[in-house]
Amino acid sequence: MHGTGNRLWLAAVLVAMSFWPGVALAASTITGTVTFDGKAPVLRPIAMDAEPVCAHKHTGPVPNEMLVLGNGNTMGNILVWVSKGLPAAKTWPVPTTPVVLDQNGCMYTPHVMGIMVGQAYRILNSDGILHNIHTLPKINPAFNRGQPATVKEATVTFPKAEANFPIKCDVHPWMNAFVGVFTHPFFSVTGADGKYTISGLDPGTYEITVWQERLGTQTASVTVGASDTKTQNFKFAVPAK
């Protein structure tokens, strides 16, 4: 009886909150698509002749992930996050599921990722050869550690927020990735379809920032109401010379 009563009480509270003036649940969403405007540059495939073990893992030319385009010039590997508008004193729980970076085929996968402060960052070595993980942050402590074939995984955390910084492999110079570290969960990375979704927001006005590794950042101000969904698209182009 107590369990049933508690569930009914909780349901009643949630219903009341949805109708009570001045009370709103964090149920708003900002979504959009990032596209590339203009003629895309032709990037040379990655040459892996120096590491035959990895070259043999690929059945064809390995595309350069510096610019990933889908149908209609949609852009992948775009980091999107809420950069302003969140309550300064509010905190959010850190996910217990780690963010995973895999070294497979002498490529870092994923190429761009977001993580929360204190969340486990699990680094895998699926190649069975010597790799090296060298972070280049400006705020977080840097680390530079080798990962030989016998070390299949390592786990670290980042203690401070930092919008994004590069990671490289000193053994294989074509390997690089980027990570953004946040105090909140309101971030996303686009796939090749260019789409992002940031949900669970309170009503309010937010600054949304998008970042591309060569084309820099853009921002937009978006206002959402209670249980609202707003669309904010972005478009990148190569700067005129």
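Of these, 223, 197, 205, which one is in a strand (DSSP E or B) and within 16 Å of the chain's Cα centre (by Cα)? So that I can check it myself, show each step before the final result.
Details: 223 fails: within 16 Å of the chain's Cα centre (by Cα); 205 fails: within 16 Å of the chain's Cα centre (by Cα).
It is 197.
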Within the set of pairs 6+ apart or on separate chains, which have a first residue in the range 203-216 that is touching a residue at least 24 places away in the same chain (Cβ under 8 Å) and charged (D, E, K, R), a second that is part of a loop (DSSP other than H, G, I, E, B) and buried (at least 21 other Cβ atoms within 10 Å of the Cβ), and C-beta atoms under 8 Å apart? 213/77
Residue 205 meets each of (1) loosely packed, with under 14 Cβ neighbours inside 10 Å; (2) out of contact with any Ser or Thr (no Cβ under 9 Å at 6 or more places or on another chain) with one exception, condition (2)
Among the residues of the range 144-171, which ones are touching a His at 6+ places or on another chain (Cβ under 9 Å) and among the acidic types (Asp, Glu)? 170
If you go through the range 47-82 one residue at a time, how many are in contact with a Phe, Trp or Tyr (Cβ under 8 Å, 6 or more places away or on another chain), part of a strand (DSSP E or B) and surrounded by fewer than 19 Cβ atoms within 10 Å (Cβ to Cβ)? 1
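Looking only at the range 208-230, which residues are of a type in the set (Val, Ile, Thr) and crowded, with 16+ Cβ neighbours inside 10 Å? Walk me through how you get there before you give the answer.
Within the range 208-230, the first condition is being of a type in the set (Val, Ile, Thr), and the residues that meet it are 208-210, 217, 219, 222-224, 229.
Within the range 208-230, 208, 209, 210, 222, 224 meet the criteria.
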Can you tell me which condition residue 123 does not meet? The list is (1) touching a residue at least 12 places away in the same chain (Cβ under 8 Å); (2) more than 21 Å from residue 84 (Cα to Cα); (3) not in a strand (DSSP E or B), and all the others hold. (3)
Among the residues listed as 78, 139, 123, 129, the single one being under 29 Å from residue 223 (Cβ atoms) and of a type in the set (A, V, I, L, M): 78
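All of the numbers you see were taken from the coordinates with simple rules; none came from a lab. On a predicted model such as this, the values are computed, not experimentally measured, just so you know. Here the Cβ is made from the backbone with ideal geometry for all residues, glycine too, and neighbour counts use every protein chain on show.
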